[in-house]
Every structure is written in C-alpha cells, then in structure tokens.
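Visitor: Next up is a structure, given as structure tokens.
Since every read-out is calculated from the coordinates, none of them should be taken as a lab result. Everything numeric in this text was worked out from a predicted model, so none of it was measured. Cβ placement follows ideal geometry from the backbone for every residue including glycine, while neighbour counts extend to all protein chains displayed.
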Amino acid sequence: MSDNAHFVRADVQAFLGMLEAMNRPQLHELALDEAREASRTMAKMADADARDLPVIRDLTCPGPAGDIPVRLYDSQETPTERPTIAFFHGGGFTIGCLESYHSLCTEIAAETGLPVVSVDYRLAPEHPFPAAPEDCEAAARWIASNPDALGLKTTGLVTMGDSAGGNLTIVITQALADQPADVPMVMQVPIYPVASPIAHHESFASFGDGFLLTREAMAWFTDCYAADEDSVKNYPIKWENHGKTPPTVLITAGLDPLRDSGREYAAHLIQNGVDVTYLEMRGTIHGFVNIRKAIPSGQKDMAAMFAAMRMTLEHNA
C-alpha cells in the first residue's frame, strides 16, 4: 500500500480527530515552560496508568555538569543477576522529564522483568548539544559501575529510549562500543529514533503535518538543540564501526515523519551483520508508546516489542 493511501487505525484516527477539534496551540507556538507543561499534561491525560512496582526510587548520579537525577524501577524487591535498562526519554531534547515518562517506565520494568533506570538529562535550549549525550553517557557508565548504589546485580546494559531518546540510545551504544563500560552492552532498543538527516525522506514529506509530530515542531526542536550537523553524536548513522553494534530491537511507526530514518538505520545495521529485529507498527503515529490510554492499540505494539526484547536476550545469552 502506498503512502498516498496509507492505513490509519481507527483509534489513531479518533485521537487525531480529537486533537484537531481541540485546535490547541502547537508546541513551537508556546513559551518553553508552557511547552514542557503541555508535555506533562499530555502524558497524564493520554498515557496508560502506571504499573504498581515494589521498587521506585529517585537517585542521582554524577555528571559532567553536576548531579543527574535518575529514577530506578524494578519489579523485584530482591535483586537477581540481570541486565539493567538505561532509559532515555524523548521530547526533542527540549521537553520531557522523569514524570512524563513515569508510566511508560513502570510498564517496561513490569513487562521485561528488568530494572529500568530513567535518566533526567539536561535539556535544550538552556543546555544545547552535546549536553544530552554527555549526561546520558555518564549515567550509563555509572549504572554499569555502581550496582551497589542501585541495589542491583547488573550483568549487562540495555540502552533504550524513544524519539530523541532513541537517538541518544544509539549514540550511547556507540560510545560504549568504542570505550566499553564495566559491564557489556547486551542490547539496544531505539524506538522511532532520529539516526540520520530526515528532510529528504518520503515519510517526512508524507507525515510532517496532521500526524501529531509536525515539521514545525521538529524545526523548533532542532533550533533549540543546536547540534553539530557533522557529529556522529547528532547523526549516529555516520559512525564508522556499525559492526560493533550489539543486538538491536528497533521500532518505528508507520505514520511517523521519522519512520524512514529508523528504516535506514536498521538496514545499515543489517548490512553490517548486526542481529536486528525491526518492527514497524503500521497505522500508528510517533509517540504511541506513551499515549496508550488515547490509542489503546499501542498496548499490542508494546507487547510485540517486549516479546522481541525477550527473544533477543535469550538468543544471545
């Protein structure tokens, strides 16, 4: 089916129709603090309820510009030897926080059985590129080196995140491949990531308006982040050592302007001999992982992602 006749799920269409009827200002039209508050409000309204977990703890770890807030989620009160997930939230490097991703992180911890450490990295424009990847790398290395501080028995690292956090997932994976941490990287899980320049992609043209994430919002995020266009920490597809990438579960959304960047990166990994499970969720939009109350079909997408993660870890154990 061509993009000119693209499939849209019924609950996605209803959600997009509701947003259109609300005629609310776009993120890039709001003041920065209002945009961040709107992101938190959307998470409260549209995401599924948080799961009950025996362990949810706020901590800090040292970073290049001071302490970094992190939040630990675990479904086990008594830790066993397992990999630990370092989670990097989305939001265009500009919005997003521990609270707006709280429900999602409880879901990940509950369904994977792995501890999740969510990283509250510095945001642009106050802290432009490369503050976010520097904080996330520092946090990932701290997670690998300090299991006692977390009360864990960490055997390896899984990097995971969505959108901007999907980009950070890949960037940190590459940094830890180039200079290993104290435990090995065992998997990365980028969810609708930015991995390469997007303006030339068909998905950017087809879905940059009317599918939640707009071209205007992306331009605003890009201006705020002020990244070096030539840096591998901005476009990780430029890395020269893709064959060193750990097993990867990569998720895209069929109606996402970023879709083709994820497709391109997945193909690049496969061509370099990396173990890749690529899941494209047809008929849904960017952001579906944390608007599961508004788009209930996203729960099945999440189940497929968790199954792929379990399969990948078991296959490579």
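Visitor: Which of the peptides 108-120, 160-172, 267-279, 196-208 is most tightly packed, and how do the rest follow, going by the mean number of other Cβ atoms within 10 Å of each residue? Could you put the intermediate results ahead of the total?
Guide: On the way: 108-120: 22.9, 160-172: 28.6, 267-279: 15.8, 196-208: 17.8.
Descending packing order for the listed peptides: 160-172, 108-120, 196-208, 267-279.
Visitor: Further, regarding this structure: Using only the Cα atoms, work out Rg/Rh for region 36-87, with Rh taken as the Kirkwood radius, to two decimals.
Guide: Working: Rg = 14.4 Å, Rh = 13.8 Å.
That ratio is 1.05, to two decimals.
Visitor: Next question. Using 0.36 nm times the number of residues separating GLU314 and ALA14, minus their current alpha carbon distance, what extension gain do you get?
Guide: 104.2 nm
Visitor: Shifting gears a bit: Go ahead and collect, in residue order, the members of region 269-287 whose backbone nitrogen is under 15 Å from a label point 7 Å along the Cα-Cβ direction of ASP178.
Guide: The answer is none.
Visitor: Give the lysines whose C-alpha is closer than 21 Å to that of LYS244, dropping any in the same chain fewer than 8 places away, or say none.
Guide: Here the lysines satisfying the reach criterion relative to LYS244 are LYS233.
Visitor: Hey, with R₀ at 35 Å, roughly what FRET efficiency would PHE7 and ASP148 work out to, going by the Cβ-Cβ distance, to 0.05?
Guide: Efficiency computed from Cβ-Cβ geometry: 0.10.
Visitor: Considering all projection directions equally, how large on average is the shadow of the alpha-carbon convex hull of the chain, in square nanometres?
Guide: Projected area, direction-averaged: 14.8 nm².
Visitor: Given a 10 angstrom Cα cut-off, can you work out which residue in ASP182, ASP49, ASP58 is the most mobile in a GNM of the chain?
Guide: Sorting by GNM fluctuation, first place goes to ASP58.
Visitor: Using only DSSP helix segments of four residues or longer, with each worth -39500 (n - 2.57), what per-residue ellipticity at 222 nm results for the chain after dividing by its residue count and rounding to 500?
Guide: Helices in the chain give a 222 nm mean residue ellipticity of -12000 deg cm²/dmol.
Visitor: If you don't mind, another one. Taking Rh as the Kirkwood radius computed over C-alpha pairs, what is the Stokes-Einstein D of region 147-202 at 25 °C in a medium of viscosity 0.890 mPa s, expressed in µm² per second?
Guide: 197 µm²/s
Visitor: List the aspartates and glutamates whose alpha-carbon lies under 12 Å from that of LYS293, not counting same-chain residues fewer than 8 positions away?
Guide: Excluding near neighbours in sequence, the set is ASP11, ASP47, ASP49.
Visitor: Take the alpha carbon atoms of region 250-317, find their center, do the same for region 80-102, and report the distance between the two centers in whole angstrom.
Guide: Cα centroid of region 250-317 versus Cα centroid of region 80-102: 17 Å apart.
Visitor: Shifting gears a bit: Tell me the relative contact order for region 247-317 as a rounded percent, counting alpha carbon contacts under 8 Å between residues six or more apart.
Guide: 38 percent
Visitor: Among HIS242, HIS286, HIS102, which comes first, second and so on when ranked by fewest other beta-carbon atoms within 10 Å? Working shown, then result.
Guide: Working: HIS242 18, HIS286 25, HIS102 21.
Fewest-to-most ranking of HIS242, HIS286, HIS102: HIS242, HIS102, HIS286.
Visitor: Okay, moving on. At 0.36 nm per residue, and after removing the present C-alpha to C-alpha distance, how many nm does the segment from THR80 to ALA50 gain when stretched out fully?
Guide: 8.5 nm
Visitor: Using only the C-alpha atoms of region 1-70, find the volume of their convex hull and express it per residue in Å³.
Guide: Numbers: hull volume 15.4 nm³, N = 70.
Given the Cα convex hull of region 1-70, per-residue volume reads 219 Å³.
Visitor: Could you list CYS224, CYS136, CYS97 in order of exposure, starting from the residue whose Cβ has the fewest other Cβ atoms within 10 Å? Write out the running numbers ahead of the final one.
Guide: Working: CYS224 22, CYS136 26, CYS97 18.
The order, fewest Cβ neighbours first, is CYS97, CYS224, CYS136.
Visitor: Follow-up question, since we're still on this one. Based on the Cα atoms of region 81-212, what semi-axes does the equivalent ellipsoid have, where each is the square root of 5 times one gyration tensor eigenvalue, given in whole Å with the largest first?
Guide: Values: eigenvalues 136, 50, 41 Å².
Whole-Å semi-axes of the equivalent ellipsoid: 26, 16, 14.
Visitor: Then there is this: Counting only C-alpha contacts under 8 Å and six or more residues apart, can you give the relative contact order of region 3-315 as a whole percent?
Guide: Result for region 3-315 is 20 percent.
Visitor: Give me the log10 of I(q) over I(0) for region 165-244 at q = 0.26 Å⁻¹, as the Debye formula computes it from C-alpha points; what are the numbers?
Guide: Taken in order of the listed q values, log10 I(q)/I(0) reads -1.35.
Visitor: Could you go through region 98-112 in sequence order and give the Karplus-derived ³J(HN,Hα) for each residue, using 6.51 cos²θ - 1.76 cosθ + 1.60 with θ = phi - 60°, rounded to whole Hz, and x for Gly and Pro?
Guide: 4, 5, 6, 10, 4, 4, 4, 5, 5, 5, 4, 5, 5, 8, 8
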